[in-house]
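Taking it in order: structure first as structure tokens, then the write-up.
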Number of protein chains: 4
Amino acid sequence: MKALVYHGANKKAWEEKPKPVILQPTDAIVKITKTTICGTDLHILKGDVPEVTDGRILGHEGVGIIEAVGAAVTAFKKGDHVLISCISSCGKCEYCKKGMYSHCENGGWILGHLIDGTQAEYVRIPFADNSLYPIPAGSDEEALVMLSDILPTGFECGVLNGQVKPGDTVAIVGSGPIGLAALLTAQFYSPAEIIMIDLDDNRLAVSRTFGATQTINSAKENAVERVKALTGRKGVDVAIEAVGIPATFLLCQSLVVPGGHIANIGVHGKSVELHLETLWAQNITITTRLVDTVTTPMLLKTVQSKKLNSLQLITHRFKLSDIIQAYDTFSHADREKALKVILNNE
Amino acid sequence: MKALVYHGANKKAWEEKPKPVILQPTDAIVKITKTTICGTDLHILKGDVPEVTDGRILGHEGVGIIEAVGAAVTAFKKGDHVLISCISSCGKCEYCKKGMYSHCENGGWILGHLIDGTQAEYVRIPFADNSLYPIPAGSDEEALVMLSDILPTGFECGVLNGQVKPGDTVAIVGSGPIGLAALLTAQFYSPAEIIMIDLDDNRLAVSRTFGATQTINSAKENAVERVKALTGRKGVDVAIEAVGIPATFLLCQSLVVPGGHIANIGVHGKSVELHLETLWAQNITITTRLVDTVTTPMLLKTVQSKKLNSLQLITHRFKLSDIIQAYDTFSHADREKALKVILNNE
Amino acid sequence: MKALVYHGANKKAWEEKPKPVILQPTDAIVKITKTTICGTDLHILKGDVPEVTDGRILGHEGVGIIEAVGAAVTAFKKGDHVLISCISSCGKCEYCKKGMYSHCENGGWILGHLIDGTQAEYVRIPFADNSLYPIPAGSDEEALVMLSDILPTGFECGVLNGQVKPGDTVAIVGSGPIGLAALLTAQFYSPAEIIMIDLDDNRLAVSRTFGATQTINSAKENAVERVKALTGRKGVDVAIEAVGIPATFLLCQSLVVPGGHIANIGVHGKSVELHLETLWAQNITITTRLVDTVTTPMLLKTVQSKKLNSLQLITHRFKLSDIIQAYDTFSHADREKALKVILNNE
Amino acid sequence: MKALVYHGANKKAWEEKPKPVILQPTDAIVKITKTTICGTDLHILKGDVPEVTDGRILGHEGVGIIEAVGAAVTAFKKGDHVLISCISSCGKCEYCKKGMYSHCENGGWILGHLIDGTQAEYVRIPFADNSLYPIPAGSDEEALVMLSDILPTGFECGVLNGQVKPGDTVAIVGSGPIGLAALLTAQFYSPAEIIMIDLDDNRLAVSRTFGATQTINSAKENAVERVKALTGRKGVDVAIEAVGIPATFLLCQSLVVPGGHIANIGVHGKSVELHLETLWAQNITITTRLVDTVTTPMLLKTVQSKKLNSLQLITHRFKLSDIIQAYDTFSHADREKALKVILNNE
């Protein structure tokens, strides 16, 4: 089969690889029908994730059709259409039993990381009963690709951890795909205001069409001052960090009211300064989280019932065999006005 | 009347001041029968709290007897024995309605700070109906002085915010009075292990008598390594910071398991480094809080029912008129093996 | 002034009464500008609420303008536009401190019940700082009359107690004004399906325009069977009882899935049968509640931000002096297709 | 092997049965070392549970040693000492993912009910990785037999669902083994008072030694009046029903304060009257639950750390081969002053 293979920093190829086979009775082999590219894949390609080694097939998102299942798989059979979770969970370790699949002792984020991933014609999915979700007949499968990673990430790490409530004022710092996923899913809880903050006017314009009530280009104006002005000098109930650099985490600290929440989504490469000399007395809560995908069933229901239009996140479509070109587009997201790209293997 | 008066950095005096009078219909005047000294009072005396100005009577803890009430006070009358909360709450602002009395728009921590305090023969208590608690007949009133500040602080900021659960492993960094208050109240929730970490062997020995299951002198051994060894290399479910300096907050970051809680109690004077480059993926929760004293009624019940022996925190007793000597003892806590001191005005 | 006065079962009159005066320092006198009639007022008029005695002015909803305040009132002054809560809360008793204003030891539901109410030109509001809410400039005050009682009732007793979540399937039994208030506010949490069940086709048609995804006329079809058919034989996550008779509470017991919630809003006049012989093992939660109006600030924000269109509940408008005619319309709600009526005193 | 076999109402025998074998890759065969008898077993023997058919081996509690595991079992191997949960959970269905193992679509309470149980020399345990727990070396295994069913039942259905908090007043109606399990585990949360109510003076005396602060023999005194007298006429915060008949559930309704919780543990055979005509306005929460055993890991930690002494529940010990005699003792619990009996197969 063909697959997108990592060959060390800045080297990748669409090349022939052996088709995966069942290794454990809990495995399934899935024929990929649609997959996508994640910002994390770009990080890997830069060489930032040393656990990813030469020869690894990338990708941790997608939908497909069951090709084969191991002897202990009971929830799926050949021919079933499935949504692949970016997190593999064994369902039986201490963390899985707590719903913290991200820290599964036998899985976690391993696809396209520690084992071969989904940017390929076929993929082996460990713990298939716990790591795949059945796709209801008649679903728009393209929409569901957004449920492999980006929407549960925005929702769990940003919205749930931030405890967004009806009537709240929310700020989301960063309006890339993850920030937009938080924006879409924050609206499940009917906050009064959602203020998007970014440096890119195009993405801020997109944010408005996605439901942001206010946007701030922090390159052009003082974000703290604008937020204070918009909130009667108070600040926001929830600040969601969706970038992953010290400046944006610092900004969140300046935005939040006493009693408020800072929910980190961003993948950080260095430590940040935490202003405990003021925050110690502010009754705030700061959370971090690697997505657990424990809300995937809930999100499936919101897509089915049209409370969530995940198609909005998709800006470009390619054939899977054109994945090199798709990477080029996605890695120049600003220039291309790209959010998420879909790769079709059909 | 006599009172302990602040006269600028490092200057205090036990001197004559006018007896307070009712200023608002919601005020009460309380004759102090017992009060105490807080670590915060020492900070003020060093000049670290610039809002405290020359002439201010210090103190925000104590019990006493109602001397007079304003026209709108309905819950108390002359002669009632009352517990004074360190937090004055109006009961009607947005924050009070949320139970966040610490940020009361009309009160908060004002006693011995922005208005005259309790280290005096009499004190004026604003919003008396919401800021005083009736003392049940037959109570040990000395025990209840510990409920003005230190026990709700350890309980709310450390134990409740840290979400201590049965079977948990808890580390408390700092075994001064506040850390010990967290230690006593953590036991309400039956954690399996409570590990106290401090530099002072005497306080660690005290911790053992208060219920700590393990103690670590971090001057003598590597606390991170000891905690890892004690927890099967995992770490603790809850780390409570009860010192207020960068080193102890950093230590907490190294102790906590994925999914764990860091509950800050310490009053910090400078910013700290937050290791988001590792913690971003660890599903942790960090909380800060200025005590709300919203749990005072609950704590009163635990003292009444002997689930909490707050007397253990008291090591020294003085006449109120000997308060200068009491300050000397309390400010040399290590040398004097002092925890909390009681000042009697009877 | 003129007021609607109860004179024993089935007797009421719009007649002259003395204008109320400040009795306590925490009182305010409010000039009513808009009020409404509640189903509870009809119950009182039938003689069902014996605590209401001859001579009582009815009504517990409305908006108005502050005419005078007592000496201890600090949040309001003459001329302020205010929303009146149906629940008077002292803000200082044990229940108020827990946010359970409905059981305030000094207040609770007393307006138009134990003290004179709002169907009058003026009303005395006890504990004004805690029982009134400021109306932001530029608000549609008619919309806010719905926040005195009906919307917090549907929201707190039905939606919050039922713990409606994104993706849930919700059944609301009863599509009168209270059931419709639950329907409107359930949508704050983006459930996948909201099934309204009633006997009145007009109200079911209204429900559809308010956001119901399915409606069932239980006089014409088997509601349990229809719900099973709509939910893949499972049932609903949340069943909200908004009628107050045994049959509808029994229906809720038949609709709910294992792990589900039954949230009672209805005012019941007799006991009901609870099928513990099956429900004991179904992991369900049943809640009851007299509205606390603790969510009024949250609801105000949702109205201001247009997440909630409370005007939809208003079908008829009258002059306050035409209140006898308004009662006639409201008490023939089916015939008149009436939901809530507004009485204007302007 | 030998096993206790059900042969229709009132007929049981200790007789030879085939040794169980692995049927699914997720199965384990466990050699029983210790088991016990549950009140439910007595119900089955009376013929009250029609799904239990002639030939079924009874029993759903016990500890043992792994004899064999299926190909997909990864957490256990031959020779491991294990605790058997009364609930078999697949770990992958919708309910298991929510932690509601009691409603597992592939398991639930099936041992000694729908498949052969633990009152035998060997038992087949389905979904072994999710339904067994490793016993730490050095444990008192007898103490752990109490964790198969009775302690998680008292804790989850009574204490957790009842939301017992520090300082609370709790009433437990029924001081049989389940009520005593609730009594022991309620103390994890440091309530101020635990009032036990029963008809049997011996069990009430036992309750006192287990930590009850008050006991009421409801055959000899008016339980409602006594509780009112003990609680300043208020009632209890939490009422736990641990009998399973209408009278005791009715009693709970009379005991609870506004805002309180009624947590049902009892297995009910008929419907009960629910006094919604008063309770509708009392802001109460009623819960039901079949034990999920989701707290077994937590309970194991509390036993290991000596926060819970489960041995107290054991009054009698027999050889497994004397199980007929053990049933006689357990079914005359009053006469024999029996709580739980241990059957040893060693």
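The values are calculated or read from the model by the stated rules, or taken from the named source; none is laboratory data. Bear in mind that the values here come from a model prediction, so they are computed numbers and not experimental data. Cβ: placed from backbone, ideal geometry, glycine included. Neighbour counts: every protein chain shown. All accessible areas refer to the heavy atoms of the entire protein, side chains included, with ligands and DNA or RNA removed. Shrake-Rupley method; radii C 1.70, N 1.55, O 1.52, S 1.80 Å.
Can you give the direction-averaged projected area of the convex hull of the alpha-carbon atoms in the stretch B:38-194, in nm²? Mind dumping the intermediate values first?
On the way: hull surface 42.8 nm².
Its average projected convex-hull area is 10.7 nm².
Placing a label point 7 Å from Cα along the Cα-to-Cβ direction at C:Gly8 gives distances to the equivalent points in the other copies of 7.0, 8.0, 10.2 nm, listed shortest first.
Return the value, in Å² to the nearest 100, of accessible area buried between chains A and C (probe 1.4 Å, both sides summed).
Roughly 1200 Å² of accessible surface disappears when A and C pair.
How well do other chains shield peptide A:99-109, expressed as the mean number of their Cβ atoms within 10 Å of each residue Cβ? The mean count of partner-chain Cβ atoms within 10 Å per residue comes to 2.
Could you please report the charge total around C:Val73, scoring K, R as +1 and D, E as -1 over all other residues with beta-carbon less than 13 angstrom from its beta-carbon? Don't skip to the end; give the middle numbers.
On the way: positive: B:Lys92, C:Lys77, C:Lys78, C:Arg124; negative: C:Asp27, C:Glu67, C:Asp80, C:Asp129.
Neighbourhood net charge equals 0.
At 1.4 Å probe size, with the rest of the protein present, what percent of the exposed accessible area of the stretch A:225-346 is carbon and sulfur atoms?
Numbers: 2400 of 4660 Å².
Ligands and nucleic acids excluded, carbon and sulfur give 52 percent.
For the protein assembly as shown, with only Lys/Arg (+1) and Asp/Glu (-1) charged at the beta-carbon, what is the dipole magnitude about the Cα centre, in debye rounded to 20? For the protein assembly as shown, the charge dipole is close to 0 debye.
By average Cβ neighbour count within 10 Å, what is the ranking of A:55-67, D:3-15, C:153-165 from highest down? Walk me through the numbers on the way to the answer.
Values: A:55-67: 23.2, D:3-15: 16.4, C:153-165: 25.4.
Result, highest mean Cβ count within 10 Å first: C:153-165, A:55-67, D:3-15.
Counting Cβ atoms of other protein chains within 10 Å of each Cβ in B:320-333 and taking the mean gives 0. Distances, shortest first, from the label point of A:Glu225 to those at the same position in the other copies read 5.3, 6.9, 7.5 nm; the point lies 7 Å along Cα to C-beta. Which of the listed residues, B:Gly112, B:Ser85, B:Tyr122, is farthest toward the dipole's positive end in the stretch B:73-129, when Lys, Arg count +1 and Asp, Glu count -1 at the beta-carbon? Going by the Cα projections, it comes out as B:Ser85. What does the C-alpha gyration tensor say about the overall shape of the protein assembly as shown? Classify as rounded when a/c is under 1.5, otherwise prolate if a/b is larger than b/c, or oblate. Here the protein assembly as shown falls in the rounded category. Helix C:201-210 and the longest principal axis of the C-alpha atoms of chain C enclose an angle of approximately 80°. Count Lys and Arg as plus one, Asp and Glu as minus one, and take only other residues whose Cβ is under 13 Å from that of D:Lys11; the net charge is then +1.
Remark: the Cα gyration tensor places the stretch C:172-291 in the rounded category, a/c being less than 1.5.
Nothing charged except the Cβ atoms of Lys and Arg (+1) and of Asp and Glu (-1): what's the magnitude of the dipole of the stretch C:1-112 about its Cα centre? Round to the nearest 20 debye. Intermediate values should be presented prior to the final figure.
Working: 14 positive and 12 negative charges, 49 e Å.
Roughly 240 debye for the stretch C:1-112.
Here the label points at C:Glu94 and D:Asn309, each 7 Å from Cα along the C-beta direction, are separated by 3.2 nm in the simple model. Rg and Dmax over the alpha-carbon atoms of the stretch B:274-346 stand at 19.1, 57 Å. 3J(HN,Hα) along the stretch D:169-175: 10, 10, 10, 10, 9, x, 10 Hz, from the Karplus curve 6.51 cos²θ - 1.76 cosθ + 1.60 with θ = phi - 60°, whole Hz, x for Gly and Pro. When only alpha carbons are used to place a centre, the stretch C:79-149 and the stretch B:190-254 end up 50 Å from one another. The distance from the alpha carbon centre of the stretch A:2-50 to that of the stretch B:1-55 is 68 Å, rounded to a whole number. Phi angles of the stretch B:29-37 translate, via the Karplus equation with coefficients 6.51, -1.76, 1.60 and θ = phi - 60°, into HN-Hα couplings of 9, 10, 7, 6, 9, 9, 9, 8, 10 Hz per residue; Gly and Pro are given as x.
Using Cβ point charges alone (K and R +1, D and E -1), the dipole size of the stretch C:1-61 about the Cα centre works out to roughly 240 debye.
Shown for the stretch B:21-67: the carbon plus sulfur share of the solvent-accessible area, taken with all protein chains present and a 1.4 angstrom probe, equals 57%. Descending by average beta-carbon neighbour count within 10 Å, the peptides D:337-343, D:38-44 line up as D:337-343, D:38-44, the highest first.
I want to make sure I understand the PRE zone here: with the label point 7 angstrom from the Cα of A:Ala137 toward its beta carbon, which residues in the stretch C:208-233 have backbone N atoms less than 20 Å away? The answer is C:228-233.
Each listed q (0.08, 0.09 Å⁻¹) maps to a log10 I(q)/I(0) for chain D, found by the Debye formula over equal Cα scatterers with no solvent: -0.37, -0.47.
Counting Cβ atoms of other protein chains within 10 Å of each Cβ in B:254-266 and taking the mean gives 2. Chain D comes nearest to the axis taking it onto chain B at the Cβ of one residue; that residue and its distance, in whole Å, are D:Tyr189, 3. Modelled spin-label separation between D:Asn202 and A:Glu105, with each label point placed 7 Å from Cα along the Cα-to-Cβ direction: 4.3 nm. Taking amide H atoms as placed 1.01 Å from N in the peptide plane, the amide H of A:Glu61 lies under 5 Å from those of A:Thr36, A:Thr118, each 5 or more residues away in sequence or on another chain. Surface exposure of the protein assembly as shown, expressed per residue as accessible area with a 1.4 Å probe, stands at 34 Å².
In the assembled protein chains, C:Cys96 presents an accessible area of approximately 10 Å² (probe radius 1.4 Å). Taking the longest Cα principal axis of chain D as reference, the axis of helix D:177-186 is set at about 70 degrees. Seen from A:Leu199, the other residues with C-beta closer than 12 Å to its C-beta sum to a net charge of -3, counting Lys and Arg as +1 and Asp and Glu as -1.
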